[in-house]
Structure formats: structure tokens, C-alpha cells
Amino acid sequence: MSARTAVVKWTVIAALVAVAFVLPYVLGSYYVSLLSIALVAAILASSINVLAGNAGLVSLGHAGIAAAAGYGLAWAYRQGWDLWGQLGMALLMTVVASVLYGLISMRTRGISFLMVTLAAGMIVYGIAYRWSSVTGGTNGLPGIRRPAGIAEYWQFYFLVLLAFLIVTIALIVVGRSSFGLTLKGIRDSETRMVSLGYNVPLYKFGAMLVSGAVAGIAGVLAVWHSEFISPVAAGFQESAMSMIMVALGGIGTVLGPLVGAGLVVAFQHMLSSVFERWQTLLGVLFILSVIFAPQGIVGGVSDLVRRIRRRSGTPPREVLAVQFHPDPQHRDTSRKDK
Amino acid sequence: MSGVFLLQQLLNGISFGALLFLIASGFTLVFGLMRISNLAHGAFYLVGAYLAVVTVAATHSFWLGLLVGAVAAAVVGLGLERGLLRRVRGREMPEVLLTVGVLFVIADLVLWIFGGDPKSVNSGNGAPSGALVIGDFTYPQYRLFIIGVTLVIGVALFLAQRYSKFGAIVRAGVDNREAASALGIDIDRVFTWVFVLGAALAGIAGAIGSGLLSLSPTSGTEMLLYAMVVVIVGGLGSITGAAVGAVLIGLIDAFTKVLFPEFAYFTIFAPMGLVLVFRPQGLFGRAA
Amino acid sequence: MIRKISAAAGVTLAAALVLTACAPSSGLSGGGEATDGPADTGQTFKIGVLAPMTSWAGAIGVDMQQGWDMFLADQGQEIGSFKIETVWEDTASDPDTALTKARKLVQEDHVDLVIGPVLASEGLVVGDYLTQAGVVNLAMTAADDLTQRLASPMVIRTGSFTASQMSFPVGDWASKQGYKTAATICVDYAFGWESCGGFVSAFTAAGGTVTNQLWYPGDASDLSSYVSQLGSLDVDVIFVGSAGGTDSSNFFRTASDFGLLTKTPIVSNCCTTDQAILEDVGDIALGQISGSFYAEGNDDPVVAGFVEQYESKFGVLPSLYSFAVYSTGQMVYDVLGKASGKPTGQALADAIRGVDLGSTIIGSGSLDEYGNPVGPVFIRQVVKRADGKLVNAVIETYDDVSQFWTFDPKAYLANPPFSQEFQQQ
């Protein structure tokens, strides 16, 4: 990266962050709370993105982990525990759920991983739905108030924004650490990493814990936002929507989860006021993006930028070449050893 | 617990399991050959079911409804395979993502067209209805009919896969796609036909299932989840596995609701959880 | 690279913290809620309606829209000196979305009152929020606690009775038919517990005995195991408490297939013989008994007139939700028709609490101090109309039914809410 492009890049990022911090002073309270929803959704999407982008593992059950954390917090709140007790319970539930997800998924990849995580999400949903003495059943647990200091909607927005920034930066750091590089190695060729002596399942398990921690943060923030949780939070629809956000935004891109979440939230909460068939439109948009912009919106745009810049000598870089065009050898192995 | 009651529960479990097999068979067939986890399978169920409901109401012929449902689902399947999936062929993730999008769109359109009130295929109209009574024992004929139809379809699938030329081609495709192509088999065409067959099976399941369980636009997702549970328990891609998994879950479901009612919700998911932990490839899956 | 990122991160965070620390300005912290909006422009009265229009409960939204359209058309879009403006929002049958939409109605649209939502989970969350926001909520959900342990000055249940309130009379009626023993089957979440609890409490209070209680998980699964079990029981009557929808249809079809409908008398709660269910299952539901505050086959001239008008307008019978949104509209009418200045907030809530239900299609009664109707509950029977349509006709009326039935409100509220474990007041 040349010095000039770096300057441009960091200026843009700084400007965006500055705008994000100014928005609550400009927008009405409803739009600020919509932004909070989008950011929380983006955090959950980021937790899926860290797995998908680094390890090539696409989850269809992450809402389950977030919901587990949320139920932990809400349950502890209803028991009258103090803030630290509530957060401790949320953490405990996050760890339990992540370990469960990790254990049953660490030996899988590709489609199997997707289905196993979907199954895990269904189990969490089932527990939330059925164990009504603890979870409140379908009625859920209402009246979970935010602690003082973030009780106002704008205070909460700043908390969510900070959380999003910290999570995003942390995930970039993870992606560039040796752990992240190993995950990318596993994504590109699992067999090679095995023969190099890496304990592949252990790495996948670790990645799930990292991802689960992020999902847990999203779960706590989601409960604080709506002051409520119900089994819907763990459902298939929720997991699928989060996955759609990631894919729509661009798997493996830094801004993808935010862009995808923003788009889906806009459809869900704004378009739905004027157009009843918003879900169909979202589905069609998603289908089109899978076919015509497989790297997602962010991937597509940065591809475009790179193509324009190619004249200035910067070599193009395929964002998701590996993700979407597994080398034939890899695919072959996956068939032979079954 | 009387003998009559036990027999009833046994049949309840088997007939529900039969429906589960009908739903899961197409899913597992497509997965076995094409490695596509087709989440739009639930949408095919919806299409088949709603069109069967409308047709039976209009023509008073169950069999015509079944035919229309199966054909409609097959046509939608053909459109999905030729129009969309072909464009991303061989790339696992885009394939799944596409089918998720299709499920969302079709479920929403079904709500728009047919409304959200419960609907079902009217009983009778050429399909068995009423109760079979033998002494103390009574049992609904339609449920026995489902068991029968499923047996016929299951056996036909099994035989076709094992003994027909088409089955041989499919099996060749499963084992080694490149070699099959090298032998001059048009693997693309085989894919299309298998996909359409899978969709038709979902349509049949929809037409038959909506005589047993009332339909709503969310039935698609529910049935999809059932199908996935069955194939995870039975083993991805295995028809035998789907059959065993379906009946197993049907029986566990029926008897848990009687013996341990407090676990009723987990009858579907607990077996799946146990399988995932202790035998991740499923009962009849080959080790990954 | 990582060092660079960390440095940048540090600077960003520091900047963020500084900014955040400065944030509390009175403009922001004051009342972004309700009170500051341009609510007093002229004589427009703005009503927000939260209805499920997509996802699994989507059918309800359509019913509500039609009922409300008819109500407004009847008033010429105006009530007294107020022009009525309605803002519809889709809850997507999801409590989180319902909450967001409630926020939108209050903070963006500055509505004067919110009607809905319908689903219990949505209702509790939205009621909680609107109470904090100081906006009147005319609730349409049956969740008991909304007007019991969680009662709020801002929340008035105008579009429903409580779940248990509608099944108390069913229990009493069953006992009066001479039934001594009963079994129940209800959906296994709050709505089912409450429906069953109402039946069990009243049936037991009248001298009956409940021998078995079955609970089925609330998803569209196979009910045959439960129906087989019910068939093997030796009881005088079976009470069914479902939330309507596919579960009810499945129950009737399965019960018919297994011969249960002819073996044991069945009585049910409000929603099990809903019009949509009768449409689906057809003649096998003939003769079924249930309890609700609405009966589309009611021959009371006011209700019959409403049904006839609705049917000629939309070609279908009005559902419970069309009826409830219409009667809710009438209560608003009652208040606005008399008002000189525009009532909002607590004043509006108090005015609505004073409405005489006799002026609405509910027929008679009033609202109690918790904001819940005290009014007629009908014992209904499914009959065939002259044109072949199945309807719920009234066979007996229990007037002035309270949400506490005949029990003492204080003692009632001291008890836990209905659950699998707690069924008998």
C-alpha cells in the first residue's frame, strides 16, 4: 500500500467514525435507535464473518449463541443480581454455548458445518421455547432495564458504537495474527495444514470461541436495546438474517457486516412501513447479489475501485477467490475421503 | 396402557415418520449427488401443498391435486436449477445462499397469494378417509394410506438407485464426477433431473402432508427443519439413512409425548444432538 | 501493520470517549418521547396500529386492516371535531420488531395512541415501552398479566378479554351440563396455561374434578399421540385450549379421524373454533362448544348488523380481530366525540377507562380499574347458516364476566400467574 493511499484510507475511516459520533446530535431519537439496532446486528454479523472470512466456515446458527448470552443476562436481572452478576451470567452462557457449538462443529467444514450450526441453533431455540419456568416460554422475559449510565437511548448508542469499533478492530487483529493466518491456511487447504502438523479441529474450536464471544456481546446489547428477550432471538429466521447480512455485505471484508446489517435493518424497519412485500424484495436482492456480486457489496465495490486503480500499478487482489473457487484438489479430497 | 393404545401410538409414530421420510428423501437425494444443501426444499413443500389444496378444492380429486402439486414443485425446481443454481454450479456456499434466498421469497409470496389462515387438503375426494375399525381398535385410514404411499415411493427410490441405468449414472456421479463426465455422461443433465425429482418428492410430501397437518406459510421452514433433522440423524445423502432416521424420530416423538410429556419439545432435537455428538456423520453416513 | 492499527484504534477510542463524555445535552436527554412532537397541529388525531402483517400471524393483520377501514368509513374518517389519521406498522409477528415499530410510532409519527399489538409476547413488550413513553396503548392481546400483575395506567385492553376470562364461563357451563370429570389439552405456553387455568378454576369451583392435563408444544407438529391419549381416558368432557391457527385445525381433524369427536364431548377456548379454523376443517366442527366475547353468529341486532355489513363489504365473515379493532375504534369514538380539546396521555387513558361498553359492539359492561373489560362472554356452538357457512352461534350468555371471575381480586393477584403447576385459583 502506497503512502498516499494509506493517508486517503485513514482519512476516510476517521471521517466515518467522526460522523458516527455526531449522528445522535443530528437525528431524531427513533433513527438513533435504528442505528443502534443496525450496529448490534452488525456485531452479530461480524461474529459470523470472523469464521466465514478467516476459516471459510459459514454458520447458520449464531443467533443461538447471542440468545444464550441474552437469556443469561435477562435471567440474572430477574433474579435481582447486580450488573456484574448479570454480565457474569451472560459470559458463562456465552462460553457454554460456544463450547457446545465448537465441540459439535470442529470436525466439519463447508456444508456440514453450516448444517451442524443450524442444528445447534435449533437446540438453543428449543430450550428457550420449552423451558418456560426459566425462559418465560414464548412470552419471553420482558422488563430487562439497562443499567444507569446507558439508560438513555443516545448513551446506549454510544456504547453500541464503541462496542462495534472495538470488536471490529479486535477482529482485524485476530485476522492478522498467526492464529488468523493458520485459519486462512485451513480454509485454503485443510489437508495441507493437517500434513504440516496443525491440529485443525482445535483451531476451528478456538475460532468458534472467538466468534462466540463476539456473538455474546451482540446478545447482551440486543437485550439491553429491547429490554426483552424471547425465543425468536434464537430462531432460524434470526440466524439466517445474520448470515444474509454477511453474505450481502461481503464475506471476509471489514465493512461487510456493517453494510449488510444496515441494508437488512433498513428493509426490515423502514421499507416495511411503505411496502408490505419487503421480505420478497430482500430475498430477490440477496439472490441477485449471490449471482452477480459473489464477493458482496463491499467486495464488489473494492473490486471496482481496484480495477480503476489498476492503471496506477496496484495489482488487483481477489477478495474471496478461495472462498468461492475452492481449488479442484481440495474439492476432490473432500469427496474421496467420505 | 392397553394393547390397542400401544398399537395406536406405534402407528402414530410410523405414519408421522413416513411423512418425515417423504420430506427428507428428496433433500437427501439432491445432497447425495449434487452436494447442495437445498434449503429451498421447504419452499417446494409449500408450492406442492398449496397447489394441491387449491386443486382438490376445485376438482374434488385428491389424485389430481397430488399430481398438480408434484408437477408444480418440479417446475419450480427446474426453474431454480436451470435459472439460478447453474450459474453458481460447483461453488458450495453460493449454492446454499441462493436456496436460502429462494426460501424467503417463496414463503413471502405464498403468504401474499394464499393468505395466512390455515389450509388443508379436504379429506376424501378419492383418498382414503374415515377410520379403520377392527374390534376395539380404530385407526384413521388416511394415516395408513400415508404409510403405504411412502413405502411404495421409498422402495421405488431404493430400487431405482440400485438397479436402473439412471441410478447407475447417479451413483457414478456421486462417486466420481470427473470420471463420469469422462465416460461421456452428461452430468449436467443428470443434475437437473435429480434436482427436479427431489423437488417433485417435496411437492408430493406437501400434497400428502397437508391432508395430515394444516398448512401455513411458515410450514415450509418447519418441514425444512424436520428434513434436516432426519438427514442429520440418518446420514447426509443416504436414502436408507433417511428412512431409518425418519421412522426413529417419528417413534421417539409419539412415545415421548405419552411417556415423558415434559420432554415433548425435545423429541425432535434431542436425537439430533446426540447423533451430532456421538456419530457426527449420522447413523448411515460415511465418515467424513 | 498491527501496531499502526492499534495506534489508530487508540486515538479513535480516546476521541470517542471525549465526545461521549460531552454528550449529555438537555436537548438529547430531555423528552425525545411523545410529548415534544408536533402533535397539536390542528385537530388531527393520530392513531398508530401495530399488526402482524407478514410472517406466521400475517392473516391477523389483514383482518385488522379491514375492520379498521370499515370503522373509519362508517365515521367518514372523522370523529367529532377530529380528523383521524392512521399509521399502520407491521410487527412481522416478532416482538423485537413490534417494539421498534412502537418506537417509530411514538418518536417519528408522534401518534396520540397506539392500538395493538395482538400477540402476547409483543403486547407485554410494547405495553412496557408505551408506559415509559407516556402514550396510551389500547391492547389487543389476551395475556392475563397485562392487566393483572403488570397492569399499567397507560395500557387498556380494549381489543380482547384475558385468556382465562374467556374460559371461566366454559368451565362453569360444563359443570352445569352435569359433567363431573374433565381432561384438558392446551398449548404449552402462557396463553394455553391461562386458557386452561380459567377452565380448571371455574370447573373445580363448581364442583367438578379435572383428572388429566396434557400440554402440547406450540409448533405445528403431529397431535395424534395426544388425541390417542385423550381417547383412552374415561372422562365426561375434554377442554381444548389452543391459540388457533394450524394447531386447532390439526386437533379437530385428528380428533375426527380417531373418533374422539363422537366419543367424548369437547369444549374449547375462544380461538379453537375461530372462523379461519371452521373454514379449514369444515363440517367436522359442527356442534362444537366454545367461549369467547365475540360470536359471528350472534343474532343480537347490533352484532348481526356489523357482521352483515362486513360480509357484504369484504366477502368474508369478520374474524375476532376485525371485531376487536372495530370495537376499539368505537371506544375511541366515544371519547373523542365528547372531547373539546385533544386528550392525550393520562387524560386520554382515564377517559377511555370511563367508556360504557354498551355503546360498542361488545354489547354491555365497563372497564375495570386495571384496564380490562368486564363484559359478556358467550358460550357458542358451531352451527350451519342458511347459506351453508359455519358460524359460532350464541347458546348462552354470561354477563359482566370479570377477569377475576368470582374470585377476590386481591387474593387472585397474590397468587402466581397460571402455569403448568398452578391451575386452580
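Where a number appears in this text, it was derived from the coordinates with a stated rule and is not lab data. Values in this document were obtained by computation on a predicted structure and should not be read as measured data. Cβ sites come from the backbone with ideal geometry, for glycine too, and all protein chains shown count toward neighbours.
A few remarks follow.
- Sites C:Ser359 and C:Ile395, calculated FRET efficiency, Cβ-Cβ separation with R0 25 Å, nearest 0.05: 0.45
- 0 to 90° range, to nearest 10: angle between helix C:245-257 axis and chain C longest Cα axis: 10 degrees
- Relative contact order [Cα under 8 Å, 6+ residues apart], chain B, whole percent: 36 percent
- For a paramagnetic label modelled on B:Ser164 (point 7 Å from Cα along Cα→Cβ), amide N atoms under 20 Å away belong, within the stretch B:18-52, to B:21-35.
- Shape parameters for the protein assembly as shown, alpha-carbon atoms, Rg then Dmax in Å: 29.0, 93
- Its Cα gyration tensor gives the stretch A:194-258 an equivalent ellipsoid, and the semi-axes of that ellipsoid, as √(5λ) in whole Å with the largest first, are 28, 16, 11.
- The gain in end-to-end length when the C:Asn415 to C:Ser366 segment is fully stretched comes to 15.2 nm, 0.36 nm per residue minus the alpha carbon separation.
- Sequence-distant residues sharing a close amide H with C:Val136 (under 5 Å, placed H): C:Val114, C:Gly345
- Using θ = phi - 60° and Karplus 6.51 cos²θ - 1.76 cosθ + 1.60, couplings along the stretch B:98-106 (whole Hz; Gly, Pro as x): 4, 5, 4, x, 5, 4, 4, 5, 5
- Helical segments meeting 27 Å axial Cα length and Kyte-Doolittle -0.5 threshold in chain A (DSSP H): A:3-26, A:29-50, A:83-105, A:110-130, A:153-176, A:200-226
- Positive end of the dipole of chain A (Cβ unit charges, origin at the Cα centre): among A:Ala293, A:Pro24, A:Gly121, the Cα lying farthest that way belongs to A:Ala293.
- Cα long-axis angle, helix C:301-314 against chain C (0 to 90 degrees, to the nearest 10): 70 degrees
- Rg to Rh quotient for chain B, alpha carbon positions, Kirkwood Rh: 0.98
- Percent of alpha-carbon pairs separated by more than 20 Å within the stretch B:143-245: 48 percent
- The antiparallel fraction among DSSP beta bridges confined to the protein assembly as shown stands at about 40%.
- Normalised by the number of residues in the stretch A:3-336, the average gap of Cα pairs under 8 Å and 6 or more apart makes the relative contact order 28 percent.
- The GNM of chain A, with springs linking C-alpha atoms under 10 angstrom apart, assigns the highest mean-square fluctuation among A:Val254, A:Val116, A:Val194 to A:Val194.
- Estimated inter-spin distance, C:Ser340 and A:Arg309, nm [label 7 Å along Cα→Cβ]: 7.1 nm
- Amide hydrogen proximity for C:Val401: with H placed 1.01 Å from N in the peptide plane, the residues at 5 or more positions away or on another chain lying under 5 Å are C:Gly375, C:Val377.
- The stretch C:109-182 and the stretch C:306-326 have their alpha-carbon centroids 21 Å apart.
- Size of electric dipole in the stretch B:3-278: Cβ of Lys, Arg +1 and of Asp, Glu -1, about Cα centre, debye, nearest 20: 560 debye
- For chain A, modelled as a GNM whose springs connect Cα atoms under 10 angstrom apart, the maximal fluctuation among A:Tyr153, A:Tyr203, A:Tyr25 occurs at A:Tyr25.
- Proximal aspartates and glutamates relative to C:Lys338, as straight alpha-carbon distance under 14 Å, when same-chain residues fewer than 8 apart are discounted: C:Glu78, C:Asp350, C:Asp356
- Distance violations [Cα-Cα > 25 Å] among C:Lys180/C:Lys384; C:Lys101/C:Lys313; B:Lys257/C:Lys263; A:Lys9/C:Lys101; B:Lys257/C:Lys389: C:Lys180/C:Lys384; C:Lys101/C:Lys313; A:Lys9/C:Lys101; B:Lys257/C:Lys389
- What separates the Cα centres of the stretch C:338-398 and the stretch A:103-181 is a distance of 43 Å.
- Mean-square fluctuations from a GNM of chain C, with a 10 angstrom spring cutoff on Cα atoms, peak among C:Ala139, C:Ala351, C:Ala295 at C:Ala351.
- Under 5 Å, built H, 5+ apart or other chain: amide partners of B:Leu215: B:Lys119, B:Ser120
- Sorted by Cβ neighbour density within 10 Å, fewest at the top, the residues B:Leu64, B:Leu213, B:Leu201: B:Leu64, B:Leu213, B:Leu201
- With a 10 Å cut-off around each Cβ of B:219-232, the average count of Cβ atoms from other chains is 3.
- Restricting the stretch C:326-425 to chymotrypsin sites (Phe, Trp or Tyr not before Pro) in coil, as DSSP defines it, with at most 16 other Cβ within 10 Å: C:Phe422
- Considering only alpha-carbon pairs that sit under 8 angstrom and 6 or more positions apart, the relative contact order computed for the stretch C:289-401 is 30 percent.
- Taking 7 Å steps out from each Cα toward its Cβ at A:Val301 and B:His60 produces label points 6.1 nm apart.
- The overall shape of the stretch A:146-214, judged from the alpha-carbon gyration tensor, is prolate: a/c is not under 1.5, and a/b is greater than b/c.
- If you take the Cα centroid of the stretch B:94-161 and the Cα centroid of the stretch A:1-80, the two points sit 42 Å apart.
- Where a label projected 7 Å from the Cα of B:Leu183 along Cα→Cβ would reach, residues of the stretch B:20-35 with amide N under 19 Å: B:32-35
- Two-site label geometry, B:Phe5 and B:Val277: point separation in nm, points 7 Å out along Cα→Cβ: 3.2 nm
- Taken one residue at a time, the phi angles of the stretch B:53-66 give Karplus couplings (6.51, -1.76, 1.60, θ = phi - 60°) of 4, 5, 5, 5, 5, 7, 9, 6, 10, 4, 5, 5, x, 4 Hz. Gly and Pro are set to x.
- Shape annotation for the stretch A:3-336: C-alpha extents along the principal axes are 58, 48, 39 Å, from largest to smallest.
- This ranking places B:Leu159, A:Leu248, A:Leu27, A:Leu73 by how few other beta-carbon atoms lie within 10 Å of each, fewest first, which gives B:Leu159, A:Leu27, A:Leu248, A:Leu73.
- Here the Kirkwood formula puts the hydrodynamic radius of chain C at 22.7 Å, using every distinct Cα pair.
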